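A quick write-up on the structure given underneath.
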């Protein structure tokens, strides 16, 4: 196991995050819309999220058994900061959206690792959620402008933002409840 978290802990954290993000959207749709509109091009969140995604990726690669390539793991200490520099300074367009996509691709690793050996059939709900996150993350990394396309209805229509927020709260509640009762 790469991570030492149980499926219950992972599900509770994801459920709590969905509830918090959903409450922000449901209770303050105008402010959430403004933040979503400016987020893809925001420099500071982009740099911070890129750093988190790169460090997380490097950590995962370092922990992974790579067979014959294990002799080259020392290069991570050089390539990670170099990659950070190159990404931040040469891919700054929509950097926050790209970094968000990268993090969405990394979260399922934690879900899959925690759910791999769990015997409850409800673990498949979290596995399915992990695959949805991974596909969404891949799509955002490959086409970061899709982030703006997907969030446009939330930005332009506060009622849609409020509805999506309450949906997120309900989904987070279901995930947290499932974590407390099934795992």
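The values are calculated or read from the model by the stated rules, or taken from the named source; none is laboratory data. Computed from a prediction, not measured in an experiment: that's the story for all the values here. Positions of Cβ are backbone-derived with ideal geometry, glycine not excepted, and every protein chain shown enters the neighbour counts.
Quick check: is even one residue across segment 153-165 free of Cβ contacts under 8 Å to residues at least 40 places away in the same chain, surrounded by fewer than 20 Cβ atoms within 10 Å (Cβ to Cβ), within 20 Å of the chain's Cα centre (by Cα) and outside any helix (DSSP H, G or I)?
No, because not a single residue in segment 153-165 is free of Cβ contacts under 8 Å to residues at least 40 places away in the same chain, surrounded by fewer than 20 Cβ atoms within 10 Å (Cβ to Cβ), within 20 Å of the chain's Cα centre (by Cα) and outside any helix (DSSP H, G or I).
Can you confirm whether residue 8 is closer than 22 Å to residue 155 by Cα and over 14 Å from the mean Cα position of the chain (by Cα)?
no
Among (1) assigned to a helix (DSSP H, G or I); (2) over 19 Å from the mean Cα position of the chain (by Cα), there is one condition residue 117 misses while meeting the rest; what is its number?
(1)
Keeping to segment 120-146, report how many residues are outside any loop (DSSP other than H, G, I, E, B), without any contact (Cβ under 8 Å) to a residue 40 or more places away in the chain and more than 20 Å from residue 94 (Cβ to Cβ).
Number satisfying all stated conditions: 6.
Report, by residue number, each residue of segment 59-102 that is modelled with pLDDT under 85, touching a helix residue (DSSP H, G or I) at 6+ places or on another chain (Cβ under 9 Å) and farther than 30 Å from residue 7 by Cα.
92
So which residues in segment 103-127 are modelled with pLDDT under 95 and either more than 18 Å from residue 63 (Cα to Cα) or in contact with a strand residue (DSSP E or B) (Cβ under 9 Å, 6 or more places away or on another chain) (or both)?
The answer is 115, 117, 118, 119, 120, 121, 122, 123, 124, 125, 126, 127.
Could you identify the single residue in 45, 40, 65 that is more than 22 Å from residue 166 (Cα to Cα) and without any contact (Cβ under 8 Å) to a residue 12 or more places away in the chain?
Criteria check complete, one pass: 65.
What number goes with the only condition from (1) surrounded by fewer than 16 Cβ atoms within 10 Å (Cβ to Cβ); (2) within 17 Å of the chain's Cα centre (by Cα); (3) free of Cβ contacts under 8 Å to residues at least 40 places away in the same chain; (4) under 22 Å from residue 143 (Cα atoms) that residue 104 does not pass?
Unmet for residue 104, out of (1) surrounded by fewer than 16 Cβ atoms within 10 Å (Cβ to Cβ); (2) within 17 Å of the chain's Cα centre (by Cα); (3) free of Cβ contacts under 8 Å to residues at least 40 places away in the same chain; (4) under 22 Å from residue 143 (Cα atoms): (1).
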